[in-house]
Amino acid sequence: MQRLARNGGTAGLLRWLAGRAGGWAGIARSDGTVLSASGAAPSGPLTAPADVADVPDVTRLVAEGVRALTGRGALAYSHDTGAHTVLLFPLPGPHDPHAEDRGAAPLLAVVTPRPAAAGLATLLADVLMPLSLCREAEAVERKRRRVDLAESRGREAVLHLLMTGQLSIAHQVAGALRPRLPDPVRVCVVECPGGSRDEVARVCAEADGGRSWIVRCPVYARHLILVMPAEDGRQGGRQDGRGDGPDGGPDGGPATDEAVAALVDRCVVGVSERVPLADTATGYRQAFHALAVAREVPGRHVRFGAAPEPALVVGPAGRMWAEALLTPLLTHVPRRAQDPGSQELAATAASWLAFSSHATDHLKVHRNTLAARLKLIGELLGLDLHRLADQSALDLALRIRATPAPVCAPEAGQRDGGAAHDLDEVLRRPAVQEWAARQLEPVGGAAEVTLRAWLGCEGRLGPTAAELGISVPGARKRLTRLETALQRSLLRPPSARYDLWLALRARESAAAEATS
């Protein structure tokens, strides 16, 4: 009994009792409702708990026995009926079997063929305590899981608020949890071996000393997201995307991400640059791109290479262009109270651009709801969101809007000529041209042909393979090599395809202006 209680719990004990009784064993409420059961019904076939209602003899016999026990005020009950014997024993526990409300306690019920086996009643009396303890332990475990789920969803909500730039609300919600949100931060994405995410989360918490905000990714089932404090004076690694690690741990040892990569086999880690808490979304994209590179290196740990965000180099003209593009969306007033407002639509657009079809998991909405919102967004902005060009423009505009205005000021000694009339004018700015050249620097020759074909085919593998005249696996291999060269994720969202499309467009726009 003790072994079964430890390893099989209530279900294991009931299966064993049914075997010893040669019949049926279960637990019933005081009104006769069967809560759980295992064993052979009097008619012969085995019944699972969900099938008990399909065997009327068992349910009828148990219900009659429960009514008789309750009506007589007995502490146990045995009744011979036809070819079977029904035995009922109240389970000990929070309900005192000697109290006046003893009928409220759940009951162990056994239906066995007559004559009952010798010593069966004694066996049932002996199993009451371990069975009751198993039920109590299982109830506590269910409550613990509900608490863990509530905390996990609370953390997920805080991450969502951070990703959408709602900092004050994020701080308010995070105040009920631990630790406090750090600022500035490094964002770390940990790809865990299958089925080990909870264990890796525990390793992260221990390695970090409880300083990081650890969230189970709502989009990728094997990913953990860590929002780690980026403390000054503890930088011990290189800054080129292949560095040895970010800030050191609280005791001067290896940083959390390095420790996790070293402690967990087959664990892959990508880390962002040091960013303000308000730029958590940017840090997540950087960490995700670093993760794509880390899968291909022996150490399984990569820092994001230093590279400016396009939103940081567009200047005030670019900010005015973004505001003009987004105004119809940001000023939208829904016709009905239950329809999404402007902020919800903007968050939907940002989530879809980052996660593609996985945005349904991120936003917790049905795919039809997502499709309807995207259609409305496209109509408001006059964009075709099936086209990569329009997706890239919207992505840049939303990122500019999320960037604090002071960082978009013109460079020293440089004048800004007012608002840009279109995207090409924004992309021809000297600072943007420098950014584009840096993005495309690792790409040349056959790699650029592959990149152009992939972007020209809207980022779809099948058409890209046909365009290049190779197989789909061959196209995938080429793009995987490009991921390593660019240190960016291409095949899985968040993808760098928007930045690369903008960089190529900036180069082409500048070349077209030079020849005109």
>> Condition first: surrounded by fewer than 21 Cβ atoms within 10 Å (Cβ to Cβ) and at pLDDT below 90. Can you find one or more residues in segment 374-397 that meet it?
In response: no
> Of all residues in segment 366-384, which are touching a residue at least 12 places away in the same chain (Cβ under 8 Å) and assigned to a loop (DSSP other than H, G, I, E, B)?
Replying inline: Gly382
>> Of the residues Arg319, Arg336, only one is open to solvent by 30 Å² or more (accessible area, probe 1.4 Å), over 23 Å from Val271 (Cβ atoms), among the basic types (Lys, Arg) and assigned to a helix (DSSP H, G or I); which?
In response: Arg319
> When residues of segment 16-29 are filtered for being in contact with a strand residue (DSSP E or B) (Cβ under 7 Å, 6 or more places away or on another chain) and surrounded by 16 or more Cβ atoms within 10 Å (Cβ to Cβ), how many remain?
Replying inline: 9
> When only residues in segment 437-466 that are open to solvent by 40 Å² or more (accessible area, probe 1.4 Å) and aliphatic (A, V, I, L, M) count, which is farthest from Asp384 (Cα to Cα)?
Replying inline: Ala446
>> Tell me yes or no: at least one residue of segment 141-156 is out of contact with any strand residue (DSSP E or B) (no Cβ under 9 Å at 6 or more places or on another chain) and more than 30 Å from Ile225 (Cβ to Cβ).
In response: no
> Quick one: which of Arg507, Arg476, Arg497 is buried (at least 21 other Cβ atoms within 10 Å of the Cβ), modelled with pLDDT of 90 or more and basic (Lys, Arg)?
Replying inline: Arg497
> Under the condition of being touching a strand residue (DSSP E or B) at 6+ places or on another chain (Cβ under 9 Å) and open to solvent by 30 Å² or more (accessible area, probe 1.4 Å), which residue from segment 1-15 is farthest from Ala83 (Cα to Cα)?
Replying inline: Ala11
> Going by the conditions given, is Val66 assigned to a helix (DSSP H, G or I), within 16 Å of Gly23 (Cβ to Cβ), at pLDDT below 85 and touching a Gly at 6+ places or on another chain (Cβ under 9 Å)?
Replying inline: no
>> Given the options Asp240, Asp279, Asp232, Asp244, name the one that is open to solvent by 20 Å² or more (accessible area, probe 1.4 Å) and at pLDDT 55 or above.
In response: Asp279
> Within segment 143-151, is there a residue that is closer than 18 Å to Ser212 by Cβ, surrounded by 15 or more Cβ atoms within 10 Å (Cβ to Cβ) and under 20 Å from the mean Cα position of the chain (by Cα)?
Replying inline: no
> With respect to Ala511, is the statement that it is without any contact (Cβ under 8 Å) to a residue 40 or more places away in the chain and more than 30 Å from Ala349 (Cβ to Cβ) true?
Replying inline: yes
>> Testing Gly469 on (1) out of contact with any Gly (no Cβ under 9 Å at 6 or more places or on another chain); (2) open to solvent by 70 Å² or more (accessible area, probe 1.4 Å), one condition comes back false. Which one is that?
In response: (2)
> Restricting attention to segment 428-448, which residues are under 35 Å from the mean Cα position of the chain (by Cα) and not small (Gly, Ala, Ser)?
Replying inline: Val432, Trp435, Arg438, Gln439, Leu440, Glu441, Pro442, Val443, Glu448
>> Tally up the residues in segment 182-198 that are assigned to a loop (DSSP other than H, G, I, E, B), at negative phi and either open to solvent by 60 Å² or more (accessible area, probe 1.4 Å) or out of contact with any Ser or Thr (no Cβ under 9 Å at 6 or more places or on another chain) (or both), please.
In response: 6
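The values are calculated or read from the model by the stated rules, or taken from the named source; none is laboratory data. These figures come from a predicted structure and were not determined experimentally. Virtual Cβ from ideal backbone geometry, glycine too; neighbours counted across all protein chains shown. Side chains are part of the model used for accessible areas, which takes the heavy atoms of the whole protein and leaves out ligands, DNA and RNA. Shrake-Rupley method; radii C 1.70, N 1.55, O 1.52, S 1.80 Å.
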